[in-house]
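The values are calculated or read from the model by the stated rules, or taken from the named source; none is laboratory data. Remember, it's a predicted structure, so these values are computed and weren't measured experimentally. Please note: Cβ atoms are built from the backbone with ideal geometry, for glycine as well, and neighbour counts cover all protein chains shown. Areas reflect the complete protein model, heavy atoms only, side chains present, ligands, DNA and RNA absent. Shrake-Rupley method; radii C 1.70, N 1.55, O 1.52, S 1.80 Å.
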Amino acid sequence: MKNTGYRIKRDNKLFTRYSLLVTIFLLFTIGYSYAGAYQITNIEVLDNAVKIKINGPIKYKISSPTDPFRANVDIEGVRLGRFGDKIYSRHAGITEISFTQIETPIVTSRLDILLQSPSIIKPEIQGDTLILYVESKTDATKQELTDKRTDKGISQQKGKPDKAGDAAKEIAAVVFDKTDVGIELVIKGDGTMPEPAVFELDGKIMIDIPDVVMKATLPSSIPSPVKDLKYKAEKGNIRFILDIEGKADTEVVAMEDEIIVDIAFKQKSEVETQDSKPKTLNSNLVSLDFQDADIVPILRLLGDVSGYNIVIHPDVKGKISMKLMNVPWEQALDIVLKTFNLEKVIEGNVIRVATLKAFQEEKKAVAETKEVFGKTEDITTKVFTVNYSNVEKIKESIEKGKVLSPRGNISIDARTRSLIVKDIPSSLNEIQKLIETLDKQTPQVLIESRIVEISTSFSKSLGVEWGAQYRPRMGDDNTTIRGGLGTTITGGQNTEVGLVNLPATTTRIVSPTSAITLGYLNAAQTFGLDLRLSAIEALGKAKLLSTPKIMTLENEQAIIKHGKRIPITTPGTTQGTYTTTYIDANLKITVTPQIAPDGTIYMKMEVNKDEPDYTNKDILGNPAIDTRTVSTQVIVKDGETVVIGGILKSSESDSGSGVPGLSKIPLLGWLFKREAKETSSEELLIFITPRIVK
């Protein structure tokens with residue numbers, strides 16, 4: 001028992017050591033695993049959003065590379081888990097997401113997000129989920145401008161159309177407003193304004209507004225830094241041309257029934273600053289402490305401090321309690337205006353303060369005044385001559401463009417290609433500009449085509465004929481056996497059929513062109529044997545080239561054809577009678593070209609090439625018609641050649657005939673069989689070269 005107890009004690013120590021080692025190993029493994037245990041468990045792509053679920057703490061960093069269509073999201077201390085392959089999205093805002101696992105200096109999961117448009121990523125954490133919202137830069141700019149205008153005290157009702165949801169058909173007013181950092185050009189419509197297209201050309205800003213007509217007049221006074229403001233109607237759009245002097249930041253945003261062009265100064269010389277303002281901005285700090293005081297004296301006080309003259313509308317009323325210490329006078333003025341939902345306009349060295357309603361009524365009155373003046377203008381008659389365009393189409397464009405005033409009318413004189421317009425002078429000027437835009441010479445396009453047909457054929461055949469003839473001695477005619485090839489045994493030929501009659505033939509040549517005849521005749525001239533070996537070989541090549549040309553106007557269909565009319569005979573209604581009709585077998589090209597602004601030519605064309613096949617006739621002798629047709633649409637640069645179609649047809653045939661059984665004998669079988677081999681190919685290529693005729 002003592003020995004047994006000793007062994008148990010030793011076993012317990014050993015067990016303790018093993019347990020300690022196992023524990024250390026497990027702790028090390030768990031600790032090592034814990035360092036990389038956090039991972040992405042789920043990724044869900046939604047419209048303009050990505051949800052990333054993580055089973056641990058969320059620490060992220062968002063960066064934007066030089067490519068505006070990409071965004072990188074780094075999630076630290078997290079592994080990708082099962083996500084490694086690209087995720088392709090069908091949702092709005094996101095095209096695809098690719099993944100990269102970074103190991104050093106810290107474990108990081110990187111998501112490279114490809115965006116559908118230049119956008120801003122806005123993150124949000126909800127529990128164990130990181131949500132990435134995708135917001136386009138245009139929407140962000142609109143929101144910033146909306147917040148900015150709301151901060152200035154402009155309610156959202158300013159941009160609300162009379163009929164919610166109705167698209168604008170007319171531009172009702174165009175006015176300039178001054179802001180703290182520059183000016184605003186407000187283009188107001190009679191409904192919800194469409195999204196404008198904005199681009200810069202020759203240093204000028206172009207603003208294209210689609211599907212509207214101009215019913216407003218431009219402001220008579222143009223504030224700095226705008227040098228000039230013009231507009232013109234072209235292709236169903238109204239284009240505003242804004243010429244800005246110096247450097248300025250410009251933003252264009254559509255807000256319900258208004259399109260706002262915000263022009264902010266980038267730099268301004270000291271001379272301009274002194275001329276426009278008696279004192280430099282932010283140079284005067286004020287401290288105000290009022291309780292339940294009327295705002296009118298406060299506004300006058302701020303005007304005195306600023307050095308501006310100030311005019312306050314009679315509707316400006318209210319009391320305010322405020323305490324401001326050492327703030328710029330501009331900030332103090334803005335705070336008061338925001339508190340009472342007021343607006344200010346700076347004109348030279350005068351600040352006008354009024355309610356938003358008062359400014360809106362003022363703009364409306366200006367627009368109505370201009371409309372009234374338009375109704376009082378005298379009607380004038382003017383004749384416009386159309387040089388290139390269709391007079392009817394020009395008239396239709398003027399009527400659909402609503403360029404005529406309600407008092408105007410238009411008529412045409414087709415003989416002299418003239419438009420006779422009676423309207424007020426301002427409308428006549430718009431009609432003149434519209435005609436100058438539309439009445440342009442239509443370019444012409446010369447279409448050169450080459451149609452190449454190449455055909456080749458090859459055929460060969462080997463054949464054999466042989467026969468024997470036995471003639472007994474004189475006086476024993478009953479035993480005569482015939483079967484030879486000719487009356488003179490060697491090289492002869494008669495109408496009799498030999499024992500083996502397999503001459504060389506092909507589908508193109510029936511009779512052999514060459515043959516070798518051998519014969520044998522015994523000394524008694526009672527037995528003869530003939531053998532003829534025949535061979536045919538034929539090679540044919542043909543090349544047919546057609547080069548039709550045609551010239552046409554842009555967007556006008558042109559047709560050119562050349563060929564034959566084939567008579568076709570058909571049975572008549574009465575037995576024994578026949579009717580003959582004619583069908584066309586022509587080379588025909590139909591093309592409609594259209595010239596792009598960059599000089600490329602879009603062509604919609606169809607090519608038909610029909611030919612009669614007199615080798616293939618029906619029982620009445622009517623030939624079959626071989627038809628080749630190509631119908632396509634292509635884009636080609638001026639003067640370049642394109643192959644619009646190609647057809648390759650080839651055939652190969654091997655044929656033979658022989659005496660059953662005997663033709664299979666090696667070597668000797670050639671005496672009892674005939675072989676023929678034929679190949680043919682046909683190729684059709686169509687080349688098109690368009691040229692713009694200046």
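Taking residues in segment 397-419 that are touching a residue at least 60 places away in the same chain (Cβ under 8 Å) and surrounded by 12 or more Cβ atoms within 10 Å (Cβ to Cβ), and partners anywhere that are outside any loop (DSSP other than H, G, I, E, B) and of a type in the set (Asp, Glu), the pairs with Cβ atoms closer than 7 Å and at least 6 places apart or on different chains are Val403/Glu430.
Listed residues Ile583, Ile595, Ile589, Ile635; which is in contact with an Asp or Glu (Cβ under 7 Å, 6 or more places away or on another chain) and hydrophobic (A, V, I, L, M, F, W, C)?
When all the criteria are applied, what remains is Ile595.
Can you tell me which residue among Leu587, Leu620 is at negative phi, touching a His at 6+ places or on another chain (Cβ under 9 Å), of a type in the set (A, V, I, L, M, F, W, C) and at pLDDT below 85? Full working, then the answer.
On the way: Leu620 fails: touching a His at 6+ places or on another chain (Cβ under 9 Å).
Every option except Leu587 fails the conditions.
Note on segment 626-640: among residues that are under 23 Å from the mean Cα position of the chain (by Cα) and not in a strand (DSSP E or B), the one that is surrounded by the fewest Cβ atoms within 10 Å (Cβ to Cβ) is Glu640.
Listed here are the residues, each with its yes/no results for (1) at pLDDT 55 or above; (2) among the β-branched types (Val, Ile, Thr); (3) within 24 Å of Gly669 (Cβ to Cβ); (4) outside any loop (DSSP other than H, G, I, E, B).
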| residue | (1), (2), (3), (4) |
| --- | --- |
| Ile454 | yes, yes, no, yes |
| Ser461 | yes, no, yes, yes |
| Gly467 | yes, no, yes, yes |
| Arg473 | yes, no, no, no |
| Gly483 | no, no, yes, no |
| Gly486 | no, no, no, no |
| Ile489 | no, yes, no, no |
| Gly492 | no, no, no, no |
| Pro512 | yes, no, yes, no |
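For Thr517, the conditions (1) more than 30 Å from Lys460 (Cβ to Cβ); (2) surrounded by 12 or more Cβ atoms within 10 Å (Cβ to Cβ); (3) not acidic (Asp, Glu) are fulfilled apart from (1).
Evaluate the following for Lys279: is it at pLDDT 80 or above, open to solvent by 90 Å² or more (accessible area, probe 1.4 Å) and either outside any strand (DSSP E or B) or touching a Ser or Thr at 6+ places or on another chain (Cβ under 7 Å) (or both)?
Working: at pLDDT 80 or above: no; open to solvent by 90 Å² or more (accessible area, probe 1.4 Å): yes; either outside any strand (DSSP E or B) or touching a Ser or Thr at 6+ places or on another chain (Cβ under 7 Å) (or both): yes.
Judged against the criteria, Lys279 is not a match.
If you go through segment 282-316 and keep only what is among the charged types (D, E, K, R) and either touching a Phe, Trp or Tyr at 6+ places or on another chain (Cβ under 6 Å) or at pLDDT below 85 (or both), you end up with Asp289, Asp292, Asp304.
The set of residues from segment 300-337 being closer than 17 Å to Ala358 by Cβ and under 56 Å from the mean Cα position of the chain (by Cα) comprises Ile310, Val311, Ile312, His313, Asp315, Val316, Val336, Leu337. If you go through segment 331-344 and keep only what is open to solvent by 20 Å² or more (accessible area, probe 1.4 Å) and of a type outside the set (D, E, K, R), you end up with Gln331, Ile335, Thr339, Phe340, Asn341.
When you look at Leu685, is it at pLDDT below 85, within 30 Å of Thr569 (Cα to Cα) and touching a strand residue (DSSP E or B) at 6+ places or on another chain (Cβ under 6 Å), yes or no? Working first, answer last.
Values: at pLDDT below 85: yes; within 30 Å of Thr569 (Cα to Cα): no; touching a strand residue (DSSP E or B) at 6+ places or on another chain (Cβ under 6 Å): yes.
No.
Only residues that are modelled with pLDDT of 75 or more, over 60 Å from the mean Cα position of the chain (by Cα) and among the aliphatic types (A, V, I, L, M) were counted across segment 517-536, and they come to 4.
What residue, of Pro219, Pro225, is of a type outside the set (Gly, Ala, Ser) and out of contact with any Leu (no Cβ under 9 Å at 6 or more places or on another chain)?
Values: Pro219 fails: out of contact with any Leu (no Cβ under 9 Å at 6 or more places or on another chain).
When all the criteria are applied, what remains is Pro225.
If the condition is being part of a strand (DSSP E or B), closer than 29 Å to Asp584 by Cβ and open to solvent by 30 Å² or more (accessible area, probe 1.4 Å), then segment 520-549 contributes Lys541, Ala542, Lys543, Leu544, Leu545, Lys549. Scanning segment 307-351 for residues that are in contact (Cβ under 8 Å) with a residue 60 or more places away in the chain, assigned to a strand (DSSP E or B) and not β-branched (Val, Ile, Thr) gives Leu342, Glu343, Glu347.
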